[in-house]
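The values are calculated or read from the model by the stated rules, or taken from the named source; none is laboratory data. Keep in mind that what you see is a predicted model, and the values were worked out from it rather than measured. Every residue, glycine among them, receives a Cβ derived from its backbone with ideal geometry; neighbour counts consider all protein chains shown. In case anyone asks, the SASA skips ligands and DNA or RNA and just uses the protein heavy atoms, side chains included. Shrake-Rupley method; radii C 1.70, N 1.55, O 1.52, S 1.80 Å.
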Amino acid sequence: MSDKNQHAAIDLEWANLLSPQRRTVLRGGGLVAALAASGLAGTALAQDGAVKRVKPVSGKSPWGEHTDTAPTPRPVSVRPGEETLPGKPRAYTDIESYHAHIYFDEDSYQKAALIRKWAAERFQIELGDWNLEPRGPHVTPSFYFGFTNDLISVIVPWLQLNSLGLTILIHPNTEDPRADHLYYALWVNRSQPVNGYAMKKPGPGEPRVEQIFVNTRPTVKIERA
């Protein structure tokens, strides 16, 4: 009997074995007896005997023994200066400008190029260069543009309607860039990981907040209904 026919016969025997009329065999004599009655005991036992037991490698783990009983340490806080709940809300005027980061890959770069072109034609923004590899906290290719607070009510809905399905991160610029990217962010479409772990507040002599220097000259009026 060919392997294909043998497997088909085994499947049929199992179907018969588990039918309502033959379940009493399982309850009364156990699985081995049922298999013996069906003629499958030899096949099942042969398959079970074919399973090889893998012996553990001799030696000691570099992590030590009984690591399951080790205490769970609390990591150093990475929240933006919030060891406890804040006493009052932050002032919205702490936001001095915004960034929009448009993410793309080798299949969607043409969509990113179109969004870039449309934005430069319509808004006074600071348009950054292409980042074809991960840069800073951004783990995929991207480009960004910065804009002033007065444009937030226009650019956010514009990007929502003209994202072309791409993931876009919109974040404010305050004196805490890590919090800006991780805790104060808005997402258009799906969010994605942002590696802000190593981001720190500006040091002595550095600008308190990243500045926006407009480098586009709009030539197209923003579409209105």
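The table below gives the values:
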| read-out | value |
| --- | --- |
| The stretch 203-225, residues that are closer than 20 Å to Ala91 by Cα and open to solvent by less than 60 Å² (accessible area, probe 1.4 Å) | Val209 |
| Among the candidates Tyr98, Tyr92, residue that is closer than 20 Å to Leu182 by Cα and touching a Leu at 6+ places or on another chain (Cβ under 9 Å) | Tyr98 |
| Helices (runs of 4 or more DSSP H) within the stretch 88-207 that include 3 or more residues in contact with a strand residue (DSSP E or B) (Cβ under 8 Å, 6 or more places away or on another chain) and either of a type outside the set (Val, Ile, Thr) or farther than 23 Å from Ala225 by Cα (or both) | 109-122, 177-182 |
| Residue list for the stretch 154-181, filter: touching a residue at least 24 places away in the same chain (Cβ under 8 Å) and among the aliphatic types (A, V, I, L, M) | Val154, Ile155, Val156, Leu159, Leu164, Leu166, Ile168, Leu169, Ile170, Ala179 |
| Failed item in (1) open to solvent by 70 Å² or more (accessible area, probe 1.4 Å); (2) touching a residue at least 40 places away in the same chain (Cβ under 8 Å); (3) over 18 Å from Val188 (Cβ atoms); (4) not small (Gly, Ala, Ser), with Lys111 passing the rest | (3) |
| Residues that are small (Gly, Ala, Ser) and open to solvent by less than 60 Å² (accessible area, probe 1.4 Å), drawn from the stretch 138-196 | Ser142, Gly146, Ser163, Gly165, Ala179, Ala185, Gly196 |
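Here's the yes/no breakdown for (1) surrounded by fewer than 10 Cβ atoms within 10 Å (Cβ to Cβ); (2) modelled with pLDDT of 90 or more; (3) not hydroxyl-bearing (Ser, Thr, Tyr):
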site	(1), (2), (3)
Lys52	yes, no, yes
Ser58	yes, no, no
Pro62	yes, no, yes
Pro73	yes, no, yes
Pro80	no, no, yes
Tyr98	no, yes, no
Tyr103	no, yes, no
Glu106	yes, yes, yes
